[in-house]
Amino acid sequence: MAIGEIGLDLYWKEVPLPQQLPVFTKMLEIADELQLPVVIHNRNSHPQMRSFFEQQGIEHLKGVMHSFSGSAEDARFYLSRGLHISLPE
């Protein structure tokens with residue numbers, strides 16, 4: 001069992017980042033309270049996701065970066081925080 005698919009998506013413009021961040025934060029809090037891993041969706045928002053992790057002080061998180069589309073540097077960043085990477089076909 002896991003909490004997901006949660007995260008940030010800047011591909012679709014209907015929901016701006018300032019509206020997505022509090023929802024993502026709350027979902028991470030719920031996952032922490034329930035001690036469940038997360039399935040993170042991150043589309044066209046790797047700089048924003050990395051910045052969010054740094055601002056929130058997230059140094060370890062159980063879960064997976066779902067359908068990963070970032071760079072090798074992005075992958076190293078998420079792996080260093082304990083997350084797994086799933087690749088799309």
Largest first, how would Met1, Met49 line up by accessible area (1.4 Å probe)? Met1, Met49
When ranked by the protection proxy of mean other Cβ atoms within 10 Å per residue, highest first, what sequence do the peptides 22-29, 51-58, 5-12 form? 5-12, 22-29, 51-58
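Where nothing but the Cβ of Lys and Arg (+1) and of Asp and Glu (-1) is charged, how large is the charge dipole of the chain around its Cα centre, in debye to the nearest 20?
On the way: 7 positive and 11 negative charges, 19 e Å.
Magnitude of the dipole: close to 100 debye.
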Expressed as a whole number of Å, what is the distance separating the alpha-carbon centroids of region 28-68 and region 1-24? 11 Å
Over the Cα atoms of the chain, compute the convex hull volume and normalise it per residue, giving Å³. 94 Å³
For region 68-78, Karplus-derived ³J(HN,Hα) couplings (6.51, -1.76, 1.60; θ = phi - 60°; whole Hz; x for glycine and proline) come out as 4, 10, x, 7, 4, 5, 4, 4, 4, 4, 5
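Quick one: compute a quarter of the convex hull surface over the Cα atoms of region 39-89 and quote it in nm².
Numbers: hull surface 12.7 nm².
Computed as one quarter of the Cα hull surface, the answer is 3.2 nm².
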Using a 10 Å cut-off on Cβ atoms, rank the peptides 36-48, 77-89 from the highest mean neighbour count down. 36-48, 77-89
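The values are calculated or read from the model by the stated rules, or taken from the named source; none is laboratory data. In this text the structure is predicted, and so the values were computed from the model without any measurement. All Cβ positions, even for glycine, are placed from backbone atoms using ideal geometry, and neighbour counts span all protein chains on display. Remember, those area values only see protein heavy atoms, side chains included, never the ligands or the DNA or RNA. Shrake-Rupley method; radii C 1.70, N 1.55, O 1.52, S 1.80 Å.
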